[in-house]
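A short write-up of the structure that comes next.
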């Protein structure tokens, strides 16, 4: 007979088996596993301020239009891969700009004296989800006035020196605005003289002439003789004006002379300042007062176009150049002058080797030679120049002469054809070196050049014979 305890034990086993079967049957039902929905990222932004500001920093009532804004994003189930940002108008997708950066510098386009501008930014995660509540900050902006200045090299080289030019002058300037250079909408200038008061309170009463924002240059023509001072200022879209600048400074001067006659004498010999009267005495005897003089020992025109304009008034140039002539500033003007049929008598010792003295070493495209054979030939008390052309006599000097350089004559690069004829040579160290040439070698000369100071040859024959001969015979049609 089965005991009661055994029966209870068997019932317990059966119940356990039944539960296990039920559990097994329940787990066999098919159910779809649903993933969590992607969370959108969160966006934050902040500003950076200098370390010197107090801890109790508060946003200022107003600020300038240049803003450096930083931002970052968080994503609890992924990563932030980029951002969209916009100013004020966020109504369309095109208003937003995409970036992967976490900061940027913006120039808020203020158009009035005061304005408020709101910056929005929203993060994008690796699933393409975008923050639905962009971070934003509103800036109270006050307009900043524009600034105007002369080019740096003009400031350094021209403001405090005496400059003499002809009836043309070109000015260029640089205009900037903290609110964006494009907010400058006008420039103004006033052409006054040295008697115009340099008083900011007086500037408002000047007769200002309006100029467009582009180009940032002004060419004045048909100026009459006299001394001048030009004043300039800028104005932005909010009608704020810059401080007034002017040229020249109180320690400099700008004088205008009208072109006279067909011949121009250029005094570009700062080394031998006494040479000017040697040339002008000869020219006075030939032309009286019917020719022009241009003294550029210290400064030539700043803008190359002014040299071109000035030279267009003449058919012949006599250039008394030294060892630091202004060929760099005037080369485009000389090129244009020669290509237009002009004729040049040129004496210069410009080609040398610094630091012996301040000499140029560029073979400019108007030069009638293609290479140099020797530079800085010494300074003897006597020197002879041997003629290599039947029309030119031997020359001799007993002066303390400036260094001479020798060269190989050739057609100027700007012409690219023809031949240059040697006129004079010197013998130095047992070698011969050409020191004068004419181009072209036959017919009417367009250029006669000496690489020594022809004015030092003041004997008979000398410069008193050479200069008139070149002007009346070599340059004759």
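The values are calculated or read from the model by the stated rules, or taken from the named source; none is laboratory data. Keep in mind that this is a model prediction, so the values were computed, not measured. Using ideal geometry, Cβ is built from the backbone for each residue, glycine included, and neighbour counts are taken over all protein chains shown.
Here are the numbers for this structure:
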item: Criterion: under 44 Å from the mean Cα position of the chain (by Cα), modelled with pLDDT of 70 or more and either more than 18 Å from residue 420 (Cβ to Cβ) or outside the structural domain of residue 421 (by TED's automatic domain parsing) (or both) - qualifying residue of 348, 375; result: 375
item: Out of 403, 409, 368, 422, sole residue that is more than 21 Å from residue 317 (Cβ to Cβ), in contact with a strand residue (DSSP E or B) (Cβ under 6 Å, 6 or more places away or on another chain) and modelled with pLDDT of 95 or more; result: 422
item: Tally of residues being assigned to a strand (DSSP E or B) and surrounded by 14 or more Cβ atoms within 10 Å (Cβ to Cβ) across the stretch 75-98; result: 8
item: Residue 152 within 30 Å of residue 296 (Cα to Cα) and modelled with pLDDT of 95 or more; result: yes
item: Residues satisfying the stated conditions in the stretch 445-463, i.e. over 18 Å from residue 414 (Cα atoms) and either within 37 Å of the chain's Cα centre (by Cα) or free of Cβ contacts under 8 Å to residues at least 40 places away in the same chain (or both); result: 450, 451, 452, 453, 460
item: Residue within the stretch 198-220 that is part of a loop (DSSP other than H, G, I, E, B) and on the phi > 0 side of the Ramachandran plot present; result: no
item: Qualifying residue in the stretch 190-201 (condition: touching a residue at least 60 places away in the same chain (Cβ under 8 Å) and either surrounded by fewer than 16 Cβ atoms within 10 Å (Cβ to Cβ) or touching a helix residue (DSSP H, G or I) at 6+ places or on another chain (Cβ under 8 Å) (or both)); result: no
item: Given (1) surrounded by fewer than 20 Cβ atoms within 10 Å (Cβ to Cβ); (2) in a strand (DSSP E or B), index of the condition residue 423 fails; result: (1)
item: Residue 153 outside the structural domain of residue 266 (by TED's automatic domain parsing), over 22 Å from the mean Cα position of the chain (by Cα) and under 30 Å from residue 258 (Cα atoms); result: no
item: Of all residues making up the stretch 102-138, the number that are more than 16 Å from residue 181 (Cβ to Cβ) and either assigned by TED's automatic domain parsing to the domain that holds residue 181 or surrounded by fewer than 19 Cβ atoms within 10 Å (Cβ to Cβ) (or both); result: 20
item: Those residues of the stretch 116-132 which are touching a residue at least 40 places away in the same chain (Cβ under 8 Å) and in a loop (DSSP other than H, G, I, E, B), in sequence order; result: 126, 127, 129, 131, 132
item: Residues of the stretch 70-98 satisfying the condition of being under 30 Å from residue 185 (Cβ atoms) and under 41 Å from the mean Cα position of the chain (by Cα); result: 85, 86, 87, 88, 89, 90, 92, 94, 95, 96, 97
item: Residue identified as in the same structural domain as residue 332 (by TED's automatic domain parsing) and under 17 Å from residue 329 (Cα atoms) among 301, 291; result: 301
item: Matching entry among 211, 191, 195 (being at pLDDT below 95 and either within 25 Å of residue 65 (Cα to Cα) or assigned by TED's automatic domain parsing to the domain that holds residue 231 (or both)); result: 195
item: Unmet requirement for residue 415, which otherwise passes all of (1) at pLDDT below 95; (2) over 21 Å from residue 263 (Cβ atoms); result: (1)
item: Any hit, the stretch 273-287, residues being assigned to a loop (DSSP other than H, G, I, E, B) and free of Cβ contacts under 8 Å to residues at least 60 places away in the same chain; result: no
item: Meets criteria (outside any loop (DSSP other than H, G, I, E, B) and under 27 Å from the mean Cα position of the chain (by Cα)) for residue 234; result: yes
item: Residue list for the stretch 315-334, filter: closer than 19 Å to residue 448 by Cβ and surrounded by 20 or more Cβ atoms within 10 Å (Cβ to Cβ); result: 317, 318, 319, 320, 321, 322, 325, 327, 330, 333, 334
